[in-house]
Each structure stands twice: as structure tokens, then as C-alpha cells.
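The values are calculated or read from the model by the stated rules, or taken from the named source; none is laboratory data. Note that the coordinates shown come from a computational prediction; the quantities given were computed from them, not determined experimentally. We place every Cβ from the backbone using ideal geometry, glycine too, and count neighbours over all the protein chains shown. SASA here: full protein model, heavy atoms, side chains in, ligands and nucleic acids out. Shrake-Rupley method; radii C 1.70, N 1.55, O 1.52, S 1.80 Å.
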Amino acid sequence: MLGIPLATLSILWAGAFLGALAAGGAGFAFALAASAIWLHALDPIQTTALIVACGSILHLTLVWPIRRSIDGVRLAPFLVGALVGVPLGVLVLTAVNPAPLKLALGLGMAAYALYALLAPRLPVIGGGGRWANAGIGFVGGILGGLGGYSGVVPTIWTQLRGWPKEVARGVYQPFILFAHVVTLAAVGVVGIDGRSWLLIILALPPLAIGAVLGLQIYGRLNEKAFKQMLSLMILLSGLALVF
């Protein structure tokens, strides 16, 4: 199709569908699910560009149904941190080999997720206020610029804050959208060429299907099931980065 090998097209569609299914159900993990598949056929910079472009489109549509859960005052420190962190992540992506950082991130995610799944109750962090939230946004921004992984740390943070699922998703999902847009602006010049735009367009149908199915799953989850699903998604995402 349009000069793209069938094997590459299959990988593109599989990554787009699974990533959108994860994002629709959990509100995050699009980048982790999609990149675990896309990196088998695309180079890291092109994969990052594809993730942030498709992720921006995806999360723009997913944010609308939860718009009433978004608290601008609560969200603002995270966005300020991301605005500083994303350019640093892009610099790391283009200047050094990010593989060791991704390995460390994956191991940390897997360890946390196992603890979250097995522990009777997670600790609740109430201190730090806006400065702590901004710091989490900064780290999330770095990971977003590094490979579109902006949602990992904020998602874990909302669990440790003990926020209900509507409040948590009202923070990390618009945060991911913001970080994707900033990353897209930073890597667009070097990462998105004519072929990349074609891949983005071809990825739209499986993105839409995965998002719709994911939202249906989200609507059926209670608080306990949602937190368990988040922990499981974090575990699988961490293992995908390691292996």
C-alpha cells in the first residue's frame, strides 16, 4: 500500500490499535504499548514522532469525554514542569543512546507495579503540594521527550496521591496530551517527513477502533478494578521496555 511493505503496515496497525486500546481503557500507556511494537520496524526518532503525533490526536479525542474531571488549578504545576522537561528529553533522545535509561525505567515500573498489585494498600503521599506535582511533571516531560513516555510517572503519582479514578485521569490524560504537543513541536522538524505523515494517516482507523473499545472498558470499571488495571498496565509496559 503506497509503497509501504505489508509487514511494516501490519506492525503499524497492531501498535496503533493496542496503544489506543490501552489509552482508551486506562488513559495512558499508548506510547509504551505502541512503541513496543513499532520499534520492530521504525527507527527511534521516527517512532517518537509517530507516537507524539498519533498520541496527540488520540488524547485530544479521549480528553473530551472526561473534560468535567479536569481541574485547571490541580493540573497547572504538572504542565509547567513538562514545559521544562520535554526539551531536555528531546536533547537526550538526539544526543545519547537512550537504551540504558529505558531499561532502568522499565525495571522501575515493573517493580512498582508488582508492589501495587500485591500490597494490601498503597501508601498515600499527601505532602509536597504544587512543587511536588511540578517535579513529577518535569520528570514526565523528560520521559515524554525521550520517547513519548510522559504518562508513566504522573500515573503512578496519582495512585500514590490516592486520587479517585476521575480525578487521576483528569490530571494525567490532559498532561499526556500537553507533553505530546510540546514534544511534537520539538521533534517535528527532524522526525516527521513525508513518509511519517503517511504512516500517521494510515494509523488513524485502528486508533479510532482501539479508542472506542478502550472507553467502553473504562466505563465498566469501578475504583478497585480501575486501580488494578492501571497497575497491570504499568507492569506490562515496564516489561515491554525491558524486553
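A few points about this structure:
- Residue in the stretch 112-126 that is nearest to Leu239 (Cα to Cα), counting only those that are part of a helix (DSSP H, G or I) and without any contact (Cβ under 8 Å) to a residue 12 or more places away in the chain: Tyr115
Quick grid of which residues meet (1) under 28 Å from Ala225 (Cα atoms); (2) under 15 Å from the mean Cα position of the chain (by Cα):
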| position | (1), (2) |
| --- | --- |
| Ala26 | yes, yes |
| Leu39 | no, no |
| Arg74 | yes, no |
| Pro100 | no, no |
| Leu107 | yes, no |
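- Residue that is among the aliphatic types (A, V, I, L, M) and open to solvent by 60 Å² or more (accessible area, probe 1.4 Å), where the choices are Val92, Val96, Val52: Val96
- Count of the stretch 27-49 residues which are in contact (Cβ under 8 Å) with a residue 24 or more places away in the chain and either within 14 Å of Phe175 (Cα to Cα) or open to solvent by 20 Å² or more (accessible area, probe 1.4 Å) (or both): 13
- Only one of the listed residues (Val84, Val92) is free of Cβ contacts under 8 Å to residues at least 60 places away in the same chain, closer than 17 Å to Ile136 by Cβ and in a helix (DSSP H, G or I). That residue is Val84.
- Just one of the listed residues (Phe28, Phe78) is outside any helix (DSSP H, G or I), out of contact with any Asp or Glu (no Cβ under 9 Å at 6 or more places or on another chain) and closer than 20 Å to Gln159 by Cα, and it is Phe28.
- Among the residues of the stretch 11-24, not a single one is modelled with pLDDT under 90 and in a loop (DSSP other than H, G, I, E, B).
- Criterion (in contact (Cβ under 8 Å) with a residue 24 or more places away in the chain and over 30 Å from Leu6 (Cβ atoms)) met by exactly one of Gly170, Gly129, Gly147: Gly170
- Failed item, numbered, when Glu166 is tested on (1) touching a helix residue (DSSP H, G or I) at 6+ places or on another chain (Cβ under 6 Å); (2) surrounded by fewer than 15 Cβ atoms within 10 Å (Cβ to Cβ); (3) over 28 Å from Gly129 (Cβ atoms); (4) not hydrophobic (A, V, I, L, M, F, W, C): (3)
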